[in-house]
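Asker: Quick one: the structure is below, and I'll ask about it shortly.
The values are calculated or read from the model by the stated rules, or taken from the named source; none is laboratory data. Being a predicted model, the structure only gives us computed values, none of them experimental. Neighbour counts run over all protein chains shown; Cβ positions are idealised from the backbone, glycine included. Protein only, heavy atoms only, side chains kept; ligands, DNA and RNA dropped before computing areas. Shrake-Rupley method; radii C 1.70, N 1.55, O 1.52, S 1.80 Å.
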Amino acid sequence: MNPDEFSVKQLIHSYVMSFVNTDMDSTNAKNIDYMRSCAEKDLYELTRSEIINDLTESEKQKMSQQIKQEAARLKANSVSKLLVESGLLALLIGLFVNQLTNFISLFVPLEYQTLGTIILCLIFLGLIFIVFNYLVLSSITKVLNLGDVNESDEP
């Protein structure tokens, strides 16, 4: 018989039978048969529960690994999005400063250039600060709190 064809119950039965005394009289046969049956049943349940526990632990580890990989992927995506948004914001700020400089030198008379420049710079600095807070800081917060649940994210 091929060893692969044995079931767990057959293996347990063979194991228990190897310990049972074959020289038994008819009065003890019932008791020994009952004890053998109980021993086989207990060994089967014990073996089964250990196998299930091992499989459960294995599945938990696999799921934990998958969750970690997914979290790392999401964090990498968030960081790349943050870099793109920051680069875009820096480009827009640079273009804006260029245009502001041209605007000031062309349209503001020379005697008012200092005051006009200060006022415009303060206004645009405020706008840049607001945009920076909205785009970049909200992205950074999302990246740092990737696994946490925020009240603002809940429906």
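Asker: Name the pairs: first residue in segment 63-74 and open to solvent by 100 Å² or more (accessible area, probe 1.4 Å), second residue polar (S, T, N, Q), Cβ to Cβ under 6 Å, at least 6 apart or on different chains?
Answerer: That search, which allows pairs on different chains as well, returns nothing.
Asker: Take residue 29 and tell me if it is out of contact with any helix residue (DSSP H, G or I) (no Cβ under 6 Å at 6 or more places or on another chain) and at pLDDT 85 or above.
Answerer: no
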